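Everything on this sheet refers to the single structure shown next.
Throughout, read-outs are computed from the coordinates displayed, never taken from laboratory work. Note that the coordinates shown come from a computational prediction; the quantities given were computed from them, not determined experimentally. Positions of Cβ are backbone-derived with ideal geometry, glycine not excepted, and every protein chain shown enters the neighbour counts.
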Amino acid sequence: MGSMNRYLAVFALLAASVSAARQPNILLIVSDDQGYMDLGSMGSSDILTPRLDRLAAEGIRLTSYYAAWPACTPSRVALLTGRYPQRNGTYDNFRNDRVNDGYRYPLYEYAISPERVLGTDTREILLSQVLSAAGYATGVFGKWDLGSLKRYLPLQRGFDDFYGFVNTGIDYWTHERYGVPSMYRRNAPTEEDKGRYTTALFERETLRFIDEHKADPFFVYLSYNAPHGASSLDPGIRGFVQAPGKCLDQYPSPDGLAAERRHKFMAAVTCMDSSIGRVLDRVDEHGLRQDTIVIFVSDNGAGGGGDSGPLRGRKGQMFEGGVRVPFLMRWPGEIAAGSVSDEFLTGLEVFPMLVEAAGASLPEGVELDGFDMLSVLQGQAGSERESMFWERQGEYGARLGRWKLVHSRRGGGLFDLSEDIAESNDLTKELPDVYERVRRAYRDWVQEMAAADPRGPFKNY
Ligand SMILES: [Ca+2]
């Protein structure tokens, strides 16, 4: 190469780096089992979420945003891959069901149990891998849930740093899952913080990571276990959420079991809200507010103690209360403060939006199930989404425009969400043509998913 050509090549590189907009930091905050109504900004009459309410006022709040599955693991994998659970292969939780009866797995048995050996197919491309390849420093702090064998852990999946628990739920203080230690630092189990409250730990690690990487574009997946029920063997703890006294004390003393359950749930959310506030303060202290996308979202509908508000059903169900969840996003200069949108959007839109926002390339040859929803959040376009389908253990839900079809052991029917957000008026008999249309769309989707590439752990034939 001649000297002039070399000069031109260098100049072109410099010009490209100067003309490219600064890559925004991405702070993806996911809460666990927080219901549709469990935010002050959603209209809750009892829960205290001042920092998240401020975040909503500084950006956008969505009222028709759906998780891709009504419980933890598949919802999260869909968020991180942009693909339906039935396409990416993770279409159920990685979970040992005998814990439902308080069974303590001895370690030798745990070692060969589903919860220990299952994981998201390593051929799946996660958001962390795409952002890492685009130059981001990447960290995940909190719940991982994509498998606990080394090949499934974050450091093998595009993350530079990880502190958190590997499976789907733990005791907030002991960090055990029904008696089995579950906390990891990077690739190794650790009990260094046993006895300390998880929300504070995930905040501590996030603050450290932001301090270390304030000069880089960074991607933090801050994945609180709050307000998920405690996965404890102690019958006095399990089934409840755990929270420190200072957070419990912000609410009146409960009267009765249901009130106690609600009290602990709300206290854990308020504790998390304060923690999120300190993370957002740190972003401001580094002068990074303008350059940071902040997303807050729940992974599925209301768990025990959560509030679905006007929606029917809760976590695990195909009704709206299982899948329609709070979603907030702040991106100064891109999204107008105080926006609210009722556009039909889902967790499948997050991956393409963030890849685009980062100036990164979508993975080649990978079928995505969503689209970049930024222009919708900016109020410049309507949602491209016309349908969404959920399937779990023989039950299904299908939304086609305003119509929602539910088939489940708890009941079902055809509902018009434009008039009946509570799914209380079954129109199956009145509108057989509509019923057939939605049912056909669902069947077509089932066929499409069946024809998709095999993916483990459940679709590996
Ligand atoms: Ca969850």
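Figures for the structure shown
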| read-out | value |
| --- | --- |
| Nonlocal amide H pairs with H228, under 5 Å, H built at 1.01 Å | D32 |
| Cys residues of the chain counted as unpaired, since no other Cys beta-carbon is under 4.7 Å | C72 |
| Rg and Dmax of the stretch 112-236, Cα atoms only, in Å | 14.4, 47 |
| Entries in K246/K315; K214/K315; K194/K459; K143/K246; K315/K429; K143/K194 that, when Cα-Cα distance is taken, lie over 26 Å | K246/K315; K214/K315; K194/K459; K315/K429 |
| Structure-based [θ]222 nm, the chain - -39500 (n - 2.57) summed over DSSP H runs of at least 4, per residue, nearest 500 | -9000 deg cm²/dmol |
| Rounded to whole Å, sorted largest first: equivalent-ellipsoid semi-axes of the stretch 336-442, Cα gyration tensor | 30, 18, 11 |
| For peptides 278-290, 45-57, sequence by mean Cβ density within 10 Å, most packed first | 45-57, 278-290 |
| Positive-pole candidate from F218, G256, A360, dipole of the stretch 23-386, charges at beta carbon | G256 |
| Under the Karplus curve 6.51 cos²θ - 1.76 cosθ + 1.60, θ = phi - 60°, whole-Hz ³J(HN,Hα) for the stretch 379-390, x wherever Gly or Pro sits | x, 9, 8, x, 5, 6, 6, 10, 8, 8, 10, 10 |
| Rounded to 5, the percent of DSSP beta bridges in the stretch 23-386 classed as antiparallel | 35 percent |
| Separation between Cα centres of the stretch 397-425 and the stretch 315-377, rounded to whole Å | 22 Å |
| Along each principal axis, Cα extent of the stretch 257-346, largest first, Å | 45, 31, 19 |
| Hull-based mean projected area of the stretch 320-378, where the convex hull spans the alpha carbons, in square nanometres | 4.9 nm² |
| Selected from G43, Y108, S274, residue furthest toward positive end of dipole (the chain; charges at beta carbon) | Y108 |
| Convex hull of the chain built on C-alpha atoms - directionally averaged projected area, nm² | 24.3 nm² |
| Cα centre as origin, Lys/Arg/Asp/Glu Cβ charges: the stretch 241-305 dipole, Debye | 160 debye |
| At least 20 Å along the helix axis (C-alpha) and Kyte average at least -1.0, DSSP helices within the chain | 3-19, 198-212, 257-285 |
| Dipole magnitude (debye, nearest 20) for the stretch 23-386, charges at Cβ of Lys, Arg, Asp, Glu | 720 debye |
